[in-house]
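Student: To start, I am sharing the structure in question, which I have written as structure tokens.
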Amino acid sequence: MPSQLVQKLKDKYGVEVHYQKLSEESYMALEIMNFPSGYYYDIIKATLKQLDVMLCKFSKVLVLRLDLRLEQYSKNNKVVSQFINSIQKKIKHTYGEFAYIWVREQNKADQQHYHIAYFFNGHKIMHPSKVISLIEAGWFKASAGGTLYIPEHCFYQLFINQPNFYDNFKEAVYRLSYLAKCYSKRRVSQSVKNYSSSRLEYMEGS
């Protein structure tokens, strides 16, 4: 059974089936949000790859979803790139290897905002409160006063060896699919990306 929050989101956004390729002959059917404007396949693909690579490396993975808000508009993504670079070493020093994906969006506000998801080694971090504080301070500094918004039920602990793993995994993917919606992703120019992610690769033989 989906959680109350996810059921509420399904009632609001609906469900679309996304088939994730596992091998030349097999696919996994996953539920994602069904937006009238559609979704960016490349964002779903990048998100699932970075999450899957982390699950191949660690039997426990913490998934964290946050929103980054700005005080002023910028036509490029320099602020989020500087933020990622400035905080990467701090996070890695404390929590080890991690992955991420961010997307740029702008709707009615004058300035853009960013949705970001992190994937951490769940053996090193059981609850994200401390890393959220680290991220919030890093974003405030890099963005010169930008704020961090924490969505309801902002994290999932995925334990591969627990019987509820697949249910939790499916819920996490459904929540993450919000990042892939086409609506509100205005392209400033062909040279300005509307998303980016870490570039973790599968270990040889995995």
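The values are calculated or read from the model by the stated rules, or taken from the named source; none is laboratory data. Worth saying up front: this structure is predicted, and the values here are computed from it rather than measured. Methodologically, a virtual Cβ is constructed for each residue, glycine included, from the backbone with ideal geometry; neighbour enumeration extends over all protein chains shown.
Student: Report, ordered by the first and then the second residue, all pairs with beta carbons closer than 6 Å, sequence separation of six or more or different chains, a first member in the stretch 175-197 that is more than 10 Å from residue 40 (Cβ to Cβ), and a second member that is small (Gly, Ala, Ser) and part of a loop (DSSP other than H, G, I, E, B).
Tutor: Pairs found: 183/37.
Student: Go through the stretch 114-166 and give me each residue that's assigned to a helix (DSSP H, G or I), small (Gly, Ala, Ser) and buried (at least 17 other Cβ atoms within 10 Å of the Cβ). Full working, then the answer.
Tutor: Going residue by residue through the stretch 114-166, those that are assigned to a helix (DSSP H, G or I) are 129-142, 165-166.
Those left that are additionally small (Gly, Ala, Ser): 129, 133, 137-138, 142.
Matches in the stretch 114-166: 138, 142.
Student: Hey, another quick one. Given the options 73, 40, name the one that is over 19 Å from the mean Cα position of the chain (by Cα) and surrounded by fewer than 21 Cβ atoms within 10 Å (Cβ to Cβ). Talk me through it step by step, then tell me what you get.
Tutor: On the way: 40 fails: over 19 Å from the mean Cα position of the chain (by Cα).
Residue meeting the stated conditions: 73.
Residue-wise test of (1) at pLDDT 95 or above; (2) touching a Phe, Trp or Tyr at 6+ places or on another chain (Cβ under 8 Å).
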{"site": "109", "(1), (2)": "no, no"}
{"site": "138", "(1), (2)": "yes, yes"}
{"site": "149", "(1), (2)": "yes, no"}
{"site": "179", "(1), (2)": "yes, yes"}
